[in-house]
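The values are calculated or read from the model by the stated rules, or taken from the named source; none is laboratory data. Note that the structure is a prediction, hence the values are computed from the model and not measured. Glycine gets a Cβ as well: all are built from the backbone with ideal geometry, and neighbour counts include every protein chain shown. Note: areas computed on protein heavy atoms with side chains; ligands, DNA, RNA excluded. Shrake-Rupley method; radii C 1.70, N 1.55, O 1.52, S 1.80 Å.
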Amino acid sequence: MLNRKPIYVEILMKVPMETLWTYTQKPNLHQQWDLRFSEITYIPKSHEEQPQRFVYKTNIGFGLSIAGEGESVGNKERDGIMTSSLKFSSPNPISLILEGAGFWRYVPTVEGVRFLTRYDYRTRFGPFGAWIDRFIFRPIMGWATAWSFDCLRLWLEQGVPPYVLIRRSIIEAVLKISLFFIWMYQGLVPKLLVADSGELDIIQSTPGLADYGRPLLTLMGLGEIGFGLLFLILSGKKRRSLHKINISVLILLGLSAASHPLTYVAPFNPITLNLAMIVLSIISLLNETELPSARRCLRSSREGRDQA
């Protein structure tokens, strides 16, 4: 069995403790911002002292869903710290998670509330399930938890509903993947893989470059691939600057093709292709807002960092 590292996520919420408690403990609010759950339903308690039992469902696509159940107990510790402990399990045979436990902790500070979670679980399917969890499922769960925490932060601090943040995040993901693919394809296929694509002829027909056609084409191909990779790597203000650079570069490339007029009437020519790529960047700039990011969360406990 592989050694399991519990999932830990922490973020600072600049909101009152009561507000954060409400948005994390009310099922109809919780299920809106947490990517890990599609539906959460509390089971009525017979008396107030009982742990709060609940059932949950997570849609995984293709009409399939995984259901589970659990119970939580909230308590107040010294110095105003609130903790919500929970246990959860899933009888669904296709669920990788068999059972687990963890807690949410709310630590008041001068700036707001340190909201953190730590949880772990056991898996099904023996060693195979342990490997899947270690290298695929657990990293996804950790990322989804952190992304969801930042989504909640933006909802509470800036008033942007989760469904809007999710929609904007999907739009941005489609844009960056599209621009990455186009730049990567243009750098790889016509410049590095296909010798008679026509681009080499254009370079060699340029005065003074006839003897350097192949090296220049190779450098251009590698440069375009590297530029495309930036769309997957950069975020925040750097992402906005990248799109502005992309627009400028595409305009210059389109104008530079004027020395070879026939390229303007070829399929997917500098006018149609460059214009489409420019529009993608414009859409990203118009969609610009602070989007949820798992990178804003701490992924190891303060105690663990101090020991390291």
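With semi-axes √(5λ) of the Cα gyration tensor in Å as the read-out, I listed (1) 31, 24, 20; (2) 50, 22, 18; (3) 26, 23, 18; which label goes with the value calculated from this structure?
The value computed from this structure is option (2).
Collect residues whose amide H, placed 1.01 Å from N in the peptide plane, falls under 5 Å from the amide H of LEU35; neighbours closer than 5 in sequence don't count.
Under 5 Å from the amide H of LEU35: SER148.
For LEU234, put the label point 7 Å out on the Cα→Cβ axis and report which residues of the stretch 158-181 keep their amide N under 20 Å from it.
169-181, by backbone N distance to the label point.
Which FRET efficiency, nearest 0.05, do ILE171 and HIS47 yield, Cβ-Cβ r, R0 51 Å?
Details: r = 48 Å, r/R0 = 0.93.
Calculated transfer efficiency: 0.60.
Find out how many positive minus negative residues lie around GLN50, taking Lys and Arg as positive, Asp and Glu as negative, among other residues whose Cβ is under 15 Å from that of GLN50.
Values: positive: LYS45, ARG53, LYS87; negative: GLU48, GLU49, GLU69, GLU71.
The answer is -1.
At 1.4 Å probe size, with every protein chain present, just tell me what the per residue accessible area of the stretch 1-112 comes to in Å².
Numbers: 6620 Å² over 112 residues.
Accessible area per residue, the stretch 1-112: 59 Å².
Give the ranking of LYS191, LYS244, LYS176 by solvent-accessible surface, highest area first, calculated with a 1.4 Å probe.
LYS244, LYS176, LYS191
Can you compute the helix-only [θ] at 222 nm over the chain? Use -39500 (n - 2.57) per DSSP H run of at least 4 residues, normalise by all residues, nearest 500 deg cm²/dmol.
The helix-only estimate for the chain comes to -15000 deg cm²/dmol at 222 nm.
Of the listed peptides 130-139, 96-105, what is their order by residue-averaged count of other C-beta atoms within 10 Å, with the highest listed first?
Descending packing order for the listed peptides: 96-105, 130-139.
Report, in whole Å, the centroid distance computed from the Cα atoms of the stretch 20-92 and the stretch 280-302.
26
Working out 0.36 nm times the residue gap between LEU188 and SER65, then minus their Cα-Cα distance, what length gain in nm do you get to one decimal? The partial results should precede the final answer.
Numbers: separation 123, 0.36 × 123 = 44.28 nm, distance 3.97 nm.
Gain on extension, LEU188 to SER65, equals 40.3 nm.
What percentage of the solvent-accessible surface of the stretch 251-294, computed with a 1.4 Å probe over protein heavy atoms, is contributed by carbon and sulfur atoms?
81
Using only Cα atoms, find the angle between the long axis of helix 213-233 and the longest principal axis of the chain, and express it within 0 to 90 degrees, rounded to the nearest 10.
20
Rounded to the nearest 10 Å², what accessible area does ARG53 show when all protein chains are kept and the probe is 1.4 Å?
Ignoring ligands and nucleic acids, ARG53 comes out at about 110 Å².
Mind scanning LYS191/LYS244; LYS191/LYS237; LYS5/LYS76; LYS14/LYS45; LYS14/LYS237; LYS26/LYS87 and naming the pairs with a C-alpha gap bigger than 29 Å?
Working: LYS191/LYS244 25 Å; LYS191/LYS237 31 Å; LYS5/LYS76 27 Å; LYS14/LYS45 32 Å; LYS14/LYS237 22 Å; LYS26/LYS87 17 Å.
Checking Cα-Cα distances, LYS191/LYS237; LYS14/LYS45 exceed 29 Å.
For LEU252 and THR109, compute 0.36 nm times the residue count separating them, minus their Cα-Cα distance, and round to one decimal in nm. Intermediate values should be presented prior to the final figure.
On the way: separation 143, 0.36 × 143 = 51.48 nm, distance 5.14 nm.
This chain segment gains 46.3 nm when fully extended.
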